[in-house]
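Quick one: the structure is below, questions incoming.
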Amino acid sequence: MTTLPAGPSVGIIMGSQSDWATMREAAVLLDELGIAYETRIVSAHRTPDRLWTYGKTAVERRLQVIIAGAGGAAHLPGMMASKTRVPVIGVPVLTKALSGVDSLYSILQMPKGFPVATMAIGAPGAANAGLMAAGILALQDTALAARLDAWRDALSASIPEEPSDD
Ligand code: RP5
């Protein structure tokens, strides 16, 4: 059986404090699955030097996956993918002006060479980012793989076969 390194395996980064309400959905999933993570505010526009340092040190810090959420002109996931080969999962944060479509397009349309795995807009996307990170990590952690399988089985079991009027 292989296990993951002792420090945080996942970095959850976001462009602003205002993104945390969305991005905490990823953290909730990682907590449920027993995955160590860290959370940081790293803005592509407001703290570009912080972004640079985070990306530059991600490999040596042994991060396995980076979940990056941002809204509007959401350059954080793509810029992070440009700076590190650690896989980046992008979460488009829901925006008031354009309902998150601006975030989605900003994150999704990466040029060939620097991919970002883009999730759905908003909280479901953040939760799925946590699950996607878990799936990646489970490839090298058999205990985590068992926990993730159990989580998926429990979700399936919770879905009724017939609709109810309640
Ligand atoms: C982006 O601008 C952030 O990711 C956030 O979604 C959006 C708005 O930020 P605040 O003005 O709420 O700090 O950089």
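Nothing in this text is a laboratory measurement; each read-out follows from the coordinates by a stated rule. Fair warning: this is a prediction, and the values are worked out from it, not measured in the lab. With ideal geometry, Cβ positions are generated from the backbone for all residues, glycine too; neighbour counts draw on all protein chains shown.
Taking the chain as a Gaussian network, where each spring joins two C-alpha atoms under 10 Å apart, which residue of 116, 88, 101 fluctuates the most?
Top of the fluctuation ranking is 101.
Run a plain Debye calculation on the range 99-139 (Cα atoms as equal point scatterers, no solvent) and give log10 I(q)/I(0) at q = 0.15, 0.17, 0.24 Å⁻¹, rounded to two decimals, same order as the q list.
-0.42, -0.53, -0.86
Okay, helix-only estimate at 222 nm for the chain: each DSSP H run of n ≥ 4 adds -39500 (n - 2.57), divide by all residues, round to 500 deg cm²/dmol; what do you get? Don't skip to the end; give the middle numbers.
Working: 6 runs with 71 residues, N = 166.
So the helix-based figure for the chain works out to -13000 deg cm²/dmol.
Rounded, prolate or oblate: which fits the range 1-86 when a ≥ b ≥ c are the square roots of the eigenvalues of the alpha-carbon gyration tensor, with rounded for a/c under 1.5 and prolate only if a/b beats b/c? Could the numbers behind the result be given before it?
Details: a/c = 2.41, a/b = 1.29, b/c = 1.86.
Taking the square roots of the gyration eigenvalues as a ≥ b ≥ c, the range 1-86 is oblate.
I've got another one for you. Pull out a ≥ b ≥ c, the square roots of the eigenvalues of the alpha-carbon gyration tensor of the range 111-166, then state rounded if a/c is under 1.5, prolate if not and a/b is larger than b/c, and oblate in the remaining case.
In terms of gyration-tensor shape, oblate.
Restricting to DSSP loop positions (anything but H, G, I, E, B) with no more than 14 other Cβ atoms inside 10 Å of their own Cβ, which trypsin sites (Lys or Arg not before Pro) remain in the range 65-166?
Passing sites in the range 65-166 are 85, 96, 112.
Give me the lysines in straight-line cross-link reach of residue 83: C-alpha distance below 29 Å, same-chain residues under 8 apart excluded.
56, 112
How much length is gained if the chain between residue 62 and residue 151 is pulled fully straight, taking 0.36 nm per residue apart and subtracting their Cα-Cα distance, in nm to one decimal?
29.5 nm
Then there's this: Within the chain, what's the longest run with no GluC sites (Glu not before Pro) in a DSSP loop and at most 14 other beta-carbon atoms within 10 Å? Give the range, please.
61-160
Could I ask something else about it? Before anything else, pin down the relative contact order of the chain: Cα pairs under 8 Å, at least 6 apart, normalised by residue count, whole percent.
Normalised by residue count, the contact order of the chain is 24 percent.
Need one number: the % of Cα-Cα pairs in the chain sitting beyond the 24 Å mark.
Within the chain, distances greater than 24 Å cover 34 percent of Cα pairs.
Between residue 140 and residue 31, what is the label-point separation in nm under the 7 Å Cα-to-beta-carbon projection?
Simple spin-label model gives 2.7 nm for this pair.
Considering only C-alpha atoms, what is the centroid distance from the range 18-88 to the range 121-165, in Å?
After rounding, the separation between the Cα centres reads 21 Å.
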